[in-house]
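The block underneath contains the structure these notes are about, expressed in structure tokens.
The values are calculated or read from the model by the stated rules, or taken from the named source; none is laboratory data. Model, not experiment: these values are computed from the prediction. Note that we place each Cβ from the backbone using ideal geometry, even for glycine, and neighbour counts take in every protein chain shown. What goes into the accessible areas is simple: the full protein's heavy atoms, side chains included, and nothing from ligands, DNA or RNA. Shrake-Rupley method; radii C 1.70, N 1.55, O 1.52, S 1.80 Å.
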Amino acid sequence: MDNKTYFMKRGIGFLVALFFWSSLAQANNSSFVVEDIRLEGLQRVSPGIVFRNFPVNAGDLVSSSQLAKASRKLFKSGYFEDIQLLRDDGVLVLKIQERPAISLIKLDGNKVLEDEALLEGLRQTGLQEGDVFKRAALEQIKQDLVRVYASQGRYGASVDTEVEPMPGNRVALNINIKEGRVATIQHINIVGNSVYSDEELKELFSLKLPSFWSFYKKDDRYARQKLSGDLERLRSYYLDSGYVNFSIDSTQVSITPDKSNVYITVNVTEGEKYTIRDVGVAGEMVVSEEELLDVVRVEKGQTFSRRLITESQKALEKKVGDAGYMFANISPAPELNDDNTVTVKFFLNPGKRTYVRRININGNTRTADEVVRQHLKQMEAGIASNELIEQSKIKLEKTGYFKSVNVETRPVPGTDDQVDLVYSVAEQQSGSFSASLGFSQSSGIILGFQLKQDNFLGTGNKVGIGISNSDTLTEYSYSFVDPYYTVDGVSRGFEFYFRERDFDEDNTSSFSTDEFGGGINFGYPIDDYQRLSFGLTAEQVTVNTNTSYTPAEITQYLNDEGNDYLNFILKAGWSDNHLNRGFFPTKGYSQGASIEIGLPGSDLSYYKAHYNAKWYQPLTDDRFWVFSLKGRLGYGGELGSNEYPFYKHFFAGGLKTVRGYEQNSLGPRDSLDDPFGGDVMVAGGAEFIFPAPFVKDKTSWRTLFFVDAGNVFDTDCSSVSTNCESGVKLDELRVSAGFGLSWLTPIGPLSIALATPLNDKEDDETEFFQFALGQTF
């Protein structure tokens with residue numbers, strides 16, 4: 001039995017029931033009192049649904065016409081296939097046949113639209129497994145699906161449905177879809193343009209004529225949404241170029257009979273070009289007119305631009321919002337003049353000054369609320385300020401605790417001058433914790449326990465504990481920093497350490513040091529971006545050598561200065577951080593300078609200064625494509641009669657300076673031809689950052705191409721040196737290029753570089769593959 005026969009028989013049954021009741025009413029047209037109502041035939045539908053849709057109750061005096069009207073209302077509920085009304089003395093009997101239930105929905109042929117999306121659409125129209133089957137809903141979904149495919153340019157799409165009866169008054173719905181092919185664009189014609197050529201205007205369109213790359217870009221496939229976007233780009237292009245009266249008069253989309261090709265015609269009227277005659281602001285001036293005009297992007301004599309009008313409107317809203325008027329209404333009113341000029345006025349209605357009722361923090365499962373609030377510039381119960389709200393967001397991003405930070409401003413219901421702020425954060429690993437047996441390129445086998453957390457147990461404190469043993473370093477250390485030692489952001493920290501360094505194993509000269517020390521440091525904020533730091537450390541250093549393999553430079557130094565030194569070291573630093581994130585920044589810059597001084601009274605008096613800078617410029621609005629520059633400078637020298645300590649030399653080469661060259665391998669070499677370092681370092685580079693392919697969470701990955709340059713120099717080589725030339729020679733800078741990748745793993749950042757030197761010399765030590773766990777590019 002086909003669907004049409006199946007539903008025709010059920011419809012005839014209902015008509016027969018109505019005819020039967022009509023005959024019964026003619027035989028006995030008298031009214032009667034309903035003593036009770038009895039339901040027969042219910043299976044899945046609850047009696048409550050019947051009684052809600054059948055407006056007759058026990059005790060009612062009803063006539064035949066009232067019962068007929070009540071039965072029609074019950075039938076319209078959609079739950080029943082057939083309804084018969086019978087009378088058993090004073091009892092009204094409703095003999096009901098329910099509509100079948102949907103036991104199964106089968107989808108076939110859909111590839112563009114996934115099963116989950118289609119089933120959700122069916123559910124929203126009233127068709128899902130377990131529900132009562134409604135033919136009207138099925139017909140509606142067929143039409144909707146055809147429209148959806150047509151909006152994607154699949155005009156040949158068709159949808160066939162089959163209702164398959166099943167035992168137990170159930171049905172299975174078989175939905176067979178033929179998606180068809182996307183219609184391709186054969187011609188785009190723009191009519192009415194004279195200022196700009198067809199070719200120039202067509203370049204604005206994302207829809208293109210078929211070309212060699214169309215198989216990959218798929219830009220020749222018609223879609224209604226794409227055409228709408230292209231028309232808006234066309235309109236914006238003219239309105240931003242001074243054509244205030246530009247209009248798109250009509251758009252025709254023609255489809256070939258086989259529904260495979262599309263022809264597009266756009267009719268436009270360009271109008272005259274307008275310039276700006278005057279700009280002003282009017283209304284209630286809660287901010288001075290001069291300050292408001294300073295942020296307006298539109299200027300007298302400019303070509304009219306809708307984009308600049310919109311940007312000016314947003315800038316004015318932000319300026320007034322910074323003063324606490326977050327619900328201000330700024331309305332631009334361009335007035336056209338007869339001489340093809342426009343007078344632009346911005347009307348200001350600030351409304352009431354806005355206050356922050358409450359600040360809520362969401363998503364911080366590990367970081368304490370108090371730690372988050374320490375970084376907020378906007379305070380509860382204070383005047384709401386767009387600037388302070390945004391600065392708070394930036395400060396949270398720069399902590400490095402969070403992968404993402406979003407802020408939402410919610411008006412308080414029932415008020416017109418209060419808002420709630422909701423900061424939603426997604427936490428990320430801000431340090432590392434490991435007990436390991438490992439291997440690295442520069443250190444060999446590593447045995448160790450390392451704990452380094454910038455957000456220890458969610459307190460915001462920085463804690464580092466290290467016990468490690470490798471070919472290059474044996475270390476026992478502890479450090480602690482409280483970034484909010486005082487409420488105004490003064491930090492305090494201290495450290496203790498014992499280190500045994502083997503420089504020979506770290507690809508430098510043959511010597512080792514034993515270092516034991518401890519110190520305290522303080523940091524002072526200058527403003528939201530700049531910070532000063534000061535520290536004092538007492539350090540005992542012992543230099544150990546192997547007489548058979550010690551270079552002459554070290555032997556001479558130890559003969560002059562001895563090999564045990566007690567030094568009191570003053571450290572000072574300045575930082576200026578305008579980066580938008582702590583990890584993987586995409587915008588802004590940072591710079592810092594530091595100096596380390598061996599104070600008078602120490603066995604060795606010296607200074608070691610360092611400067612570094614980074615700059616990031618996004619190339620796209622989503623900030624996935626970024627260009628960056630970085631640079632490092634270092635300079636050291638002696639204070640007093642002693643020589644500059646050779647173990648304080650700068651080194652270059654490796655992931656931190658010039659990738660593609662072995663760790664610490666660049667610069668002057670000692671008499672045994674091992675890297676000896678120098679008292680001057682110059683290094684820098686450029687990076688082109690692009691989104692990691694095939695990765696959804698791009699905030700945890702960074703991929704880039706880079707060019708590095710750098711080297712170290714010695715301004716005063718030892719008199720016994722045979723492989724060192726005094727002075728800074730920029731033509732000796734080494735350059736490399738390559739590909740880099742960093743990933744924020746659960747135990748810390750992992751960085752990999754594939755680099756090739758571009759101007760290496762015969763004796764340079766190069767390295768194509770380099771990696772490190774615990775640092776980013």
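Side notes on the structure shown:
- Residue-averaged 222 nm ellipticity for the chain, from DSSP H runs of 4+ at -39500 (n - 2.57), nearest 500: -6000 deg cm²/dmol
- Total charge dipole magnitude, the chain, about the Cα centre, Cβ charges on Lys, Arg, Asp, Glu only, Debye to nearest 20: 5000 debye
- Per-residue SASA entry for residue 766, accessible area with 1.4 Å probe, Å² rounded to 10: 60 Å²
- Over 31 Å between alpha carbons, listed pairs 111/587; 76/178; 217/300; 300/630; 608/729; 393/462: 111/587; 76/178; 217/300; 300/630
- Förster radius 25 Å - calculated FRET efficiency between residue 255 and residue 200, Cβ distance, rounded to 0.05: 0.40
- Segment 134-203 and segment 312-363: distance between their alpha carbon centers, rounded to Å: 42 Å
- For residue 156, neighbours were defined as the other residues whose beta-carbon sits under 11 Å from its Cβ, and their charges (Lys and Arg +1, Asp and Glu -1) total +2.
- Remark: the residue 247-residue 457 segment gains 69.5 nm on full extension, using 0.36 nm per residue and subtracting the alpha carbon distance.
- Exceedance of the 31 Å cut-off in Cα-Cα distance is limited, within the set 106/403; 95/142; 452/614, to 106/403; 95/142.
- Among the trypsin sites (Lys or Arg not before Pro) found in segment 707-777, those both in a DSSP coil and sparsely packed, with 10 or fewer other Cβ atoms within 10 Å of their Cβ, are 729, 761.
- Student exercise, segment 337-435 dipole from Lys, Arg, Asp, Glu Cβ charges, in Debye to nearest 20: 340 debye
- Given charges at Cβ of Lys, Arg, Asp, Glu: segment 579-705 dipole, positive-most of 602, 616, 635: 616
- Excluding ligands, DNA and RNA, the accessible surface per residue across the chain is 51 Å² with a 1.4 Å probe.
- Where trypsin sites (Lys or Arg not before Pro) fall in DSSP loop in segment 628-675, at most 11 other Cβ within 10 Å: none
- Label positions at residue 36 and residue 673, each projected 7 Å from the Cα along the C-beta direction, are separated by 11.3 nm.
- Rounded Å value of the spacing that divides the Cα centres of segment 375-426 and segment 47-70: 58 Å
- Amide H contacts under 5 Å for residue 461, placed H, 5+ residues apart: 456
- Positive-end extreme of charge dipole, the chain - chosen from 50, 324, 521 (charges on Cβ): 50
- Projecting the Cα atoms of 566, 456, 675 onto the dipole axis of the chain, where Lys and Arg carry +1 and Asp and Glu carry -1 at the beta carbon, places 456 farthest toward the positive end.
- Length added when fully stretched, residue 146-residue 95, from 0.36 nm per residue minus Cα-Cα: 14.4 nm
- Of all accessible heavy-atom area on segment 453-534, the percent that carbon and sulfur account for (1.4 Å): 56 percent
- Electrostatic dipole magnitude of segment 334-394 [Cβ: Lys, Arg +1; Asp, Glu -1; Cα centre; debye, to 20]: 500 debye
- Spacing of the modelled spin labels on residue 383 and residue 51, each 7 Å from Cα toward Cβ, amounts to 6.3 nm.
- In this view, the solvent-accessible surface of residue 191, computed with a 1.4 Å probe and all protein chains in place, comes to about 60 Å².
- Relative packing of peptides 278-284, 709-715, 535-541, 248-254 - highest average C-beta neighbours within 10 Å first: 709-715, 535-541, 278-284, 248-254
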